[in-house]
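Everything on this sheet refers to the single structure shown next.
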Amino acid sequence: MRRESSTHPLIVVAYTATCLFLLSTCSEAGPAPEPPRLDRLETSLAPAGPLLQSDTARAHLLGYDQFHNPHPIGAVTWHSNDSSIAAITGDGLVRGRSQGSTSIVGSADGLSASLALVVAGTLHREAIRASEVWAATGAPHVVEGRLPVGGPGGVTLTFEPGVTVLFRPNSGLDFGLGGAGTLVANGTSAPIVLRGMTDVGSHWDGLTFRGPGQAEVRHTTLRDCGGTFGMPLACVTLRDSGGGPAPTILIDEVLIRGGDGSGVALEGQARFAAGSQGLSVENMLGVVATVPVSAAAGFPLGGSIGGNGTNEIWLRDTLHTSGDMLAVSTTWGNPGVPWHLYKTVFIEGPQAPILTIAAGSTLIFEYATGFVVGKGAPGGLQIGGAAGAWVVLKSEAQYSWGGLQFWSQALPSSVTRTELRRCGSGNGGCVFMTTDVGQGAPAPVLDSVTILSPDGLGVVALRYGRFGAGSRALRITGGSGYPMMLWTGAAATIPSGSFTGNAQDVILITAEDVLDSMTWSNPGVPFGIVHLLVAHQNNPVLTLQPGVVLKFNQYGDLQVGVGSPGGLRALGTDQAPVTFTSYSPVAYPGFWNGLVIGPMADASTLLDHVTVDDAGAFDGVSQAAIKIARDYGEIIRNSLIRRSGDCGIARQGVEPWTTDFTALQLGNTFQDNTGPSQCGP
């Protein structure tokens, strides 16, 4: 029957669908899948991003099928829509030529793809042998490598205001290498910025200048510089080969910050140009600057300095090590951080130089270094001023520094409102004054000077050295030895002040004769004497004012008018007698020889309100606290002689005596003497 042989349409559709879905169980197969084919092209650039003028990048062309999977392509051709902006070679090397936008097009197998391209900024990787201007319109300028800037005819590299220069790691600019070369970077309200490629962790070597010529850097910021070329470097370095003129640099409102090395380094005769000002150095890992002593005067003051690894300016010449000499008058301003000296500075020369150190300055000295003034030629030193903050001169760490030395050719000098800390290494004294016989007499004025913790001696003044007129308010304390050691002439010039708190609060007097009339005031501490002779053809008279104390070493003495004319006037009071005593820490009758009034004593000799303790040691001839060669009259009054090793007063000579020093009207007192109060005729 026909009806039995017919097929229902719904059943046929279902069967067909099932066969398409379950090919493995059906007896009939469906249509084959579509094969992959090249559907589109894509262009990329490595490295990605804007392209720099003169820089290159590599273009790549990739194929994809209709299923978005990579697909091989045949031969590729390239072209640029504007080759004046960016050119491309047949193998896909793209080179930036000028600022602007264009696109590059890659073609293969009848398909094409383009890529928009921006050329912005300029790459510099070749030596600069002709003058150039790096304009703000070409920024950012990128430096790759350490580029020499110089040529036989001279090369000037100019940065326009507002320009930004980026430096890749191990990159920098070396001016004057290969010929004369210099920099003009005159920023304005649109500052110039020199920095690494990124804000964090991108460091470059810095700017180096060598040979003749003056660089100008104004309103410029240098960031992330100074320390990748094998060792920490300075952001700005001026080198001096020693074979010709050295470079100079004018700095005006320049900020150096955030780098690995130091701010600025100068060598030899390299200098800051006149008018330099406003150098700021912040957050550098190294020192603020390293400059020669003779370049310190030009350091650009007025900037901000802080947050650096070492907030100091090092005065040292890394090129020349023969010594530091200041031969022209110089002023060191106060940069707000210490000057650190590594060698002794000699201030002298045919031009009679004077070094002036501004109020408020701090100077740090290496061990045994200091200032030597006027030793071989005229020179002077002026430290601090009557107004402003105190100057501080101190040592490096726990070591002591050499101090201030004034020699025979020292010009009028002064130290005012100044504190000297831990000085006098080698026992030369924190302040040392001396000369040779027949030459000048150095006499610096010390006005409001404090010497703290001297190493041995605070002040040393030997033959003809002395305190200058106007010296006052000198304080010496905390010393490991004596506050001062002076020759007799300097003792007459001791300024007012305080000299206590030292290991030995005694002013040592060297074994010098008193050759000229002078007066010793009471410094508040004793004088330490070994032997003192007041005698010379000039007939000097030594006057001791109330309260003066002379302490004598064992077998020491004071002789007046022995061998030559001379006089002594010891003028004490009831409340402040003049005291002659021993250096012994305990009472010791006969510890020292005593006073000798010789046969040529001046008629003005007088001892009034005097105390003589522990004298009367045997001198090989006799023993007495006071020995008088002949009868000068009532020259000892109101005095106390005690604990003599023998006689209190010995009247000597063969001539008859009429003066009795024990007479009540003279007011003399004799106590605990080993021998009689008075001996002799």
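Here are some notes:
- Any hit, region 661-680, residues being farther than 16 Å from residue 588 by Cα, of a type outside the set (Val, Ile, Thr), open to solvent by 20 Å² or more (accessible area, probe 1.4 Å) and touching a helix residue (DSSP H, G or I) at 6+ places or on another chain (Cβ under 9 Å): no
- For residue 177: the one exception among (1) out of contact with any Lys or Arg (no Cβ under 7 Å at 6 or more places or on another chain); (2) open to solvent by 20 Å² or more (accessible area, probe 1.4 Å); (3) over 23 Å from residue 61 (Cβ atoms): (1)
- Tally of residues being free of Cβ contacts under 8 Å to residues at least 40 places away in the same chain, among the aliphatic types (A, V, I, L, M) and not in a strand (DSSP E or B) across region 519-549: 1
- Selection within region 607-644 - closer than 17 Å to residue 579 by Cα and in a loop (DSSP other than H, G, I, E, B): 609, 614, 615, 616, 635, 638, 639, 643, 644
- Filter result for residue 466 (open to solvent by 40 Å² or more (accessible area, probe 1.4 Å), closer than 25 Å to residue 378 by Cα, among the charged types (D, E, K, R) and in a strand (DSSP E or B)): no
- Test: residue in region 510-518 that is in a loop (DSSP other than H, G, I, E, B), out of contact with any Cys (no Cβ under 6 Å at 6 or more places or on another chain) and at positive phi: no
- Some residue of region 431-438 being on the phi > 0 side of the Ramachandran plot and either charged (D, E, K, R) or open to solvent by 20 Å² or more (accessible area, probe 1.4 Å) (or both): yes
- Any hit, region 588-605, residues being open to solvent by less than 10 Å² (accessible area, probe 1.4 Å) and at positive phi: yes
- Residue in region 37-49 that is open to solvent by 50 Å² or more (accessible area, probe 1.4 Å), in contact with a Ser or Thr (Cβ under 7 Å, 6 or more places away or on another chain) and modelled with pLDDT under 90 present: no
- Residue count for region 557-573, restricted to those that are surrounded by fewer than 22 Cβ atoms within 10 Å (Cβ to Cβ), out of contact with any Asp or Glu (no Cβ under 8 Å at 6 or more places or on another chain) and part of a strand (DSSP E or B): 1
- For region 487-504, residues that are open to solvent by less than 40 Å² (accessible area, probe 1.4 Å) and under 13 Å from residue 526 (Cβ atoms) total 4.
- Positions within region 268-317 being among the charged types (D, E, K, R) and out of contact with any helix residue (DSSP H, G or I) (no Cβ under 7 Å at 6 or more places or on another chain), in sequence order: 282, 312, 316, 317
- Test: residue in region 416-428 that is open to solvent by less than 10 Å² (accessible area, probe 1.4 Å) and of a type in the set (Ser, Thr, Tyr): yes
- Lone qualifier among 367, 399 - being open to solvent by 50 Å² or more (accessible area, probe 1.4 Å) and either free of Cβ contacts under 8 Å to residues at least 40 places away in the same chain or closer than 17 Å to residue 293 by Cβ (or both): 399
- Residue match in region 576-585 (condition: assigned to a strand (DSSP E or B) and hydrophobic (A, V, I, L, M, F, W, C)): yes
Residue by residue, here is whether (1) touching a strand residue (DSSP E or B) at 6+ places or on another chain (Cβ under 8 Å); (2) in a loop (DSSP other than H, G, I, E, B) holds:
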site	(1), (2)
340	yes, no
350	no, yes
359	yes, yes
363	yes, no
367	yes, yes
385	yes, yes
388	yes, yes
392	yes, no
397	no, yes
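- Residue 512 fulfils the conditions (1) over 20 Å from residue 553 (Cα atoms); (2) open to solvent by 30 Å² or more (accessible area, probe 1.4 Å) except for a single criterion, (1).
- Here residue 648 fulfils each of the conditions (1) open to solvent by 50 Å² or more (accessible area, probe 1.4 Å); (2) at negative phi; (3) of a type in the set (Gly, Ala, Ser) apart from (1).
- Residues in region 471-486 that are under 25 Å from residue 436 (Cβ atoms) and open to solvent by 10 Å² or more (accessible area, probe 1.4 Å): 471, 482, 485.
- Single unsatisfied condition, residue 161 versus (1) within 58 Å of the chain's Cα centre (by Cα); (2) surrounded by 14 or more Cβ atoms within 10 Å (Cβ to Cβ); (3) in a strand (DSSP E or B): (3)
- In the condition set (1) more than 25 Å from the chain's Cα centre (by Cα); (2) farther than 26 Å from residue 583 by Cα, residue 446 is compliant with all but (1).
- Residue match in region 477-499 (condition: part of a strand (DSSP E or B) and under 26 Å from the mean Cα position of the chain (by Cα)): yes
- Test: residue in region 129-141 that is free of Cβ contacts under 8 Å to residues at least 60 places away in the same chain, outside any loop (DSSP other than H, G, I, E, B), open to solvent by less than 20 Å² (accessible area, probe 1.4 Å) and under 17 Å from residue 50 (Cα atoms): yes
- Failed item, numbered, when residue 295 is tested on (1) open to solvent by 30 Å² or more (accessible area, probe 1.4 Å); (2) within 26 Å of residue 345 (Cα to Cα); (3) out of contact with any Ser or Thr (no Cβ under 9 Å at 6 or more places or on another chain): (1)
A quick yes/no check of all residues on (1) more than 18 Å from residue 317 (Cβ to Cβ); (2) not aliphatic (A, V, I, L, M):
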site	(1), (2)
193	yes, no
204	yes, yes
209	no, yes
215	yes, no
227	yes, yes
252	yes, yes
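- Top-ranked residue in region 82-125 [being part of a loop (DSSP other than H, G, I, E, B) and in contact (Cβ under 8 Å) with a residue 24 or more places away in the chain; ranked as nearest to the chain's Cα centre (by Cα)]: 125
- Residues of region 184-207 satisfying the condition of being buried (at least 23 other Cβ atoms within 10 Å of the Cβ) and either under 29 Å from the mean Cα position of the chain (by Cα) or modelled with pLDDT under 95 (or both): 185, 194, 203, 204, 205, 206, 207
- Residue within region 631-639 that is at pLDDT 95 or above, touching a Lys or Arg at 6+ places or on another chain (Cβ under 8 Å) and closer than 25 Å to residue 548 by Cβ present: no
The values are calculated or read from the model by the stated rules, or taken from the named source; none is laboratory data. These figures come from a predicted structure and were not determined experimentally. Please note: Cβ atoms are built from the backbone with ideal geometry, for glycine as well, and neighbour counts cover all protein chains shown. Heavy atoms of the whole protein, side chains included, go into the accessibility calculation; ligands, DNA and RNA do not. Shrake-Rupley method; radii C 1.70, N 1.55, O 1.52, S 1.80 Å.
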